[in-house]
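Structure, as structure tokens:
The values are calculated or read from the model by the stated rules, or taken from the named source; none is laboratory data. Nothing here was measured: the structure is a model prediction, and the numbers come from that model. Cβ atoms come from the backbone with ideal geometry, glycine included; neighbour counts cover every protein chain shown.
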Amino acid sequence: MPTPSPKLSPKLSKADLRRQELRARLIDIAETRIRSDGLQAIKARDLAREADCAVGAIYNVFSDLNGLIMAVNGRTFHTLGTAVAASVADCAPDKPQDELITMSHAYLAFAAENTNLWRALFDLDMSTEMDVPQWYLAELGKLFALIADPLARLFPAHTHHELELMTRALFSSVHGIVLLGLQKRISGVPLDKIEEMIAILLSNVTSQVKI
């Protein structure tokens, strides 16, 4: 019996190709603008002018500007996760506490080098009650999974729920320290002391926490 031929994907129409090209171009432009000037730089007329399209064409590709920003944020989450994962590629598997500290320092470095893009991840107006795309949650989940892995080795008796809570607690703690430090708040710490402060926090918490 002959092997059935694989089904060929239907070719995209010229209109669909133009739409995909415009989408990619808008994301590139928005990413550059956010990197340089933050979320306040995302204005429909300016984007349309730079993309050489009508303002209405933007909303044929994205439902609103938040959708465009989320597309940029998806890229940023992916880049951040890649940087954090690469930082522990050579860490010894029997030293999970060192992994957590190393990852937190990589997180700080990324935030310091890409501050506006990093801030956009958390400054975008969205909540858990919104209909957040699954791909967006997946990128965030990958970042949390990097933290959860060494925690599971540190606390093998913990349930999935307990590890999830600890993961989010540690992420929130490190994020808060980084944010206060980069904003130079009086309640924060000097930039050259942030790594030390994070290391102290993680060393103490992962040594003592019992749930």
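Touching a His at 6+ places or on another chain (Cβ under 7 Å) and assigned to a helix (DSSP H, G or I) - does that describe any residue in segment 132-142? Reasoning before the result, please.
We begin by selecting, within segment 132-142, every residue touching a His at 6+ places or on another chain (Cβ under 7 Å); these are 139.
If we keep only those that are assigned to a helix (DSSP H, G or I) as well, we get 139.
Yes, that holds for at least one residue.
Regarding Asp90, is this residue in the same structural domain as Leu154 (by TED's automatic domain parsing), modelled with pLDDT under 95 and exposed (fewer than 15 other Cβ atoms within 10 Å of the Cβ)? For Asp90, the condition - in the same structural domain as Leu154 (by TED's automatic domain parsing), modelled with pLDDT under 95 and exposed (fewer than 15 other Cβ atoms within 10 Å of the Cβ) - is met. Taken over segment 156-205, residues that are under 22 Å from Phe144 (Cα atoms) and among the basic types (Lys, Arg) amount to 1. Kindly evaluate Ala111 against the criterion of being surrounded by fewer than 19 Cβ atoms within 10 Å (Cβ to Cβ) and either touching a helix residue (DSSP H, G or I) at 6+ places or on another chain (Cβ under 9 Å) or modelled with pLDDT under 95 (or both). When the stated conditions are applied, Ala111 does not pass them. Is it true that some residue in segment 149-170 is surrounded by fewer than 18 Cβ atoms within 10 Å (Cβ to Cβ), of a type in the set (Gly, Ala, Ser) and touching a helix residue (DSSP H, G or I) at 6+ places or on another chain (Cβ under 9 Å)? So far as segment 149-170 goes, yes, one or more of its residues are surrounded by fewer than 18 Cβ atoms within 10 Å (Cβ to Cβ), of a type in the set (Gly, Ala, Ser) and touching a helix residue (DSSP H, G or I) at 6+ places or on another chain (Cβ under 9 Å). Across segment 45-66, the number of residues qualifying as surrounded by 14 or more Cβ atoms within 10 Å (Cβ to Cβ) and under 15 Å from Tyr136 (Cβ atoms) comes to 2.
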